[in-house]
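Written out below as structure tokens is the structure these notes cover.
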Amino acid sequence: MITSLMLDPNALLKPLNGYIVEDLTNADIAATGAIAASILGDLAAPVLKMLSVAGDSADDISLEFFPDPDDESTPGTLIFWPATRTSLKSSYDDAYQAEYSLRLAVFLSERDDSDVIYPAGFSMVLKLNESACELVKNLPPAVFERLEFQMKGGPLPGGFEFLDDSEHIPVLPNMRRQFLKAITRAHSVTAKKRSKEFEAVMVHYIWDNTEPQAHFEAVLSTLATLFVAIHHQSKL
């Protein structure tokens with residue numbers, strides 16, 4: 001399920017042109033937070049279409065933008081998660097404690113110490129907690145094979161990988177094998193830390209205008225398809 005919606009990430013990001021994190025005033029911080037919320041709001045409807053498959057609606061999927069005024073570079077996150085209660089306190093707790101979620105954020109341009117300016121862009125994350133990892137392991141291999149086939153024919157997206165500070169695990173090629181490797185590693189790290197909280201598996205991609213535009217929608221559609229496959233698997 002990769003249906004082109006002709007998304008233009010450059011057009012979405014255009015309102016952020018001229019804003020650089022290191023130059024922001026308090027008024028700019030408020031403005032860029034509102035702009036980020038608007039951009040992700042514009043992205044919400046196309047993503048919901050991606051999450052609606054074979055006549056199914058996305059009525060049992062929650063979504064909400066959560067602002068983060070304390071993070072000037074990434075002022076908020078749009079989260080999609082299964083519409084089940086995981087807390088009794090708030091939708092924020094529901095979203096952040098969900099067993100699986102799709103998270104989209106906008107980050108602003110930044111300037112490094114050499115005065116090089118890095119462009120604004122999007123961060124996309126599919127986060128899987130322990131039970132979701134078991135659902136992934138039970139997905140038919142054809143799910144991964146189809147997604148991988150649809151990515152072929154050109155250069156694969158650079159930096160499409162499992163978010164990990166200690167080990168580089170790319171998603172492609174051999175997507176299913178790479179997922180299993182990342183899941184095994186997450187269990188190992190959790191056991192090593194003797195932590196009660198599972199070391200979540202996070203599939204991550206960063207897009208800015210140095211990346212091919214086609215990769216933006218291809219990766220987003222892939223993450224949305226995986227979210228839907230896990231969502232359906234959870235109902236079996």
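The values are calculated or read from the model by the stated rules, or taken from the named source; none is laboratory data. Remember, predicted model here, so these are calculated numbers, not experimental data. Note that each Cβ is placed from the backbone with ideal geometry, even for glycine, and that neighbours are counted across all protein chains shown. Side chains are part of the model used for accessible areas, which takes the heavy atoms of the whole protein and leaves out ligands, DNA and RNA. Shrake-Rupley method; radii C 1.70, N 1.55, O 1.52, S 1.80 Å.
The table for this structure:
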| quantity | calculated |
| --- | --- |
| Value of D in µm² per second that Stokes-Einstein yields for the chain, Kirkwood Rh from Cα pairs, at 4 °C (1.567 mPa s) | 70 µm²/s |
| Distance between the stretch 187-236 and the stretch 64-121 - C-alpha centres, whole angstrom | 14 Å |
| The chain, relative contact order [Cα under 8 Å, separation at least 6], % | 22 percent |
| Accessible surface of the chain, 1.4 Å probe, proportion on carbon and sulfur as whole % | 52 percent |
| Cross-link pairs beyond the 30 Å C-alpha cut-off, checked among K127/K192; K49/K137; K49/K235; K181/K235; K14/K235; K152/K181 | K14/K235 |
| Inter-site label distance for Q150 and A44 at 7 Å from Cα along Cβ, in nm | 2.4 nm |
| With Cα atoms, 0 to 90° folded angle of helix 175-193 axis to the chain main axis | 90 degrees |
| Residue-count net charge about F160 - beta-carbon cut-off 12 Å; Lys, Arg +1, Asp, Glu -1 | -3 |
| Rounded accessible area per residue of the stretch 53-203, 1.4 Å, Å² | 54 Å² |
